[in-house]
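Working notes, structure below.
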Amino acid sequence: MTCPRHLVLIPGLLCDETLWKHQIEHLTDTLPVTVADLTQDDSIPAMAARLLAAAPASFALAGLSLGGYVAQEVMRQAPERVERLVLTATNARADNDEQRRNRAALIKLAEIGKFKGVTPRLLPHLVHPDRLNDPAVAEVVMAMAERVGQAAFLRQQHAIMARKDGRDDLESIRVPTLVLCGRQDALCPLKVHQEMASRLSNGKLVIIEDCGHLPPLERPRTTTAIFRYWLA
């Protein structure tokens, strides 16, 4: 297989292109990189359709968390356009009842005007405990959430809650696929990444040590090095 000529990155919930800052800066010598917009739509299929409308005819695709759900939907809508795939810090399962209750509580906080209280509650679940007081991680996460804003947060949460179970769909993915996760990911633990990798006919599981839910931000150099190898 030849090397891809374009890379599309998909951020997670309450994240923007800053999540991928290191990867953008250090991979553009290899190929053009663009970041998808997940702030406008309130369903996973609509987010995937917007990405496909903006993307080139063929591309490599990498999504984190919510971005991973969208990447899986892209593979349902237009698998022939994706040359290589990364699913990182994500899941192929639909939300269970407890996850829906937790999301509903965060939505209620945001709707009553306490949006700034959402990210401090989420942060311990997003990053490795050693980085909770690291400005290069914690402050960046807070700033991204502020830029994404309350309205987009609500749209994103409703989209996530309504997503389908995609485990069976993984079996139809044929492109080289990297399943990447942090060892200490509290939101999408190792077992769900192992499950995804086991269902992929051309998949590879890679685990980053001492890392939570945001490998591109928590372990930027390691993530970029893995991406570079995967793209080559």
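Every number here is computed from the coordinates shown, using simple stated rules; none is lab data. All of these numbers come straight from a predicted model, not from anything done at the bench. Cβ atoms come from the backbone with ideal geometry, glycine included; neighbour counts cover every protein chain shown.
Mind ranking 50-62, 83-95 by how tightly packed they are, going by the mean number of other C-beta atoms within 10 angstrom, highest first? Before the final figure, lay out each step's value.
Numbers: 50-62: 17.6, 83-95: 23.4.
Listed from highest to lowest mean packing, they are 83-95, 50-62.
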Report, in degrees rounded to the nearest 10, the 0 to 90 angle that the Cα long axis of helix 66-77 makes with the longest principal axis of the chain.
40
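Dividing the convex hull volume of the alpha carbon atoms of the stretch 73-115 by its residue count, what do you get in Å³ per residue? Walk me through the intermediate numbers first.
On the way: hull volume 5.2 nm³, N = 43.
Enclosed volume per residue, from the Cα hull, is 120 Å³.
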Tally Lys and Arg at +1 and Asp and Glu at -1 over the other residues with C-beta under 11 Å from the C-beta of residue 26: what net charge comes out?
+1
Using a basic spin-label model with each label point 7 Å from the Cα along Cα→Cβ, how many nm lie between residue 94 and residue 162?
1.3
Relative to the longest principal axis of the C-alpha atoms of the chain, give the angle of the C-alpha long axis of helix 220-231, reported between 0 and 90° and rounded to the nearest 10°.
30
How large is the charge dipole for the chain, taken about the Cα centre, if only the Cβ atoms of Lys, Arg (+1) and Asp, Glu (-1) carry charge, to the nearest 20 debye?
200
Take 5, 199, 221 and order them by how many other Cβ atoms sit within 10 Å, fewest up front.
221, 5, 199
Could you give me D for the chain, from Stokes-Einstein at 20 °C and 1.002 mPa s, where the hydrodynamic radius is the Kirkwood radius over C-alpha pairs? Units µm² s⁻¹, please.
123
Can you tell me, using C-alpha contacts under 8 Å and at least 6 residues apart, the relative contact order of the chain as a whole percent?
25
Taking θ as phi - 60°, what are the ³J(HN,Hα) couplings along the stretch 137-146 by the Karplus curve (6.51, -1.76, 1.60), each to the nearest whole Hz, with x for Gly and Pro?
10, 4, 5, 5, 4, 4, 5, 4, 4, 5
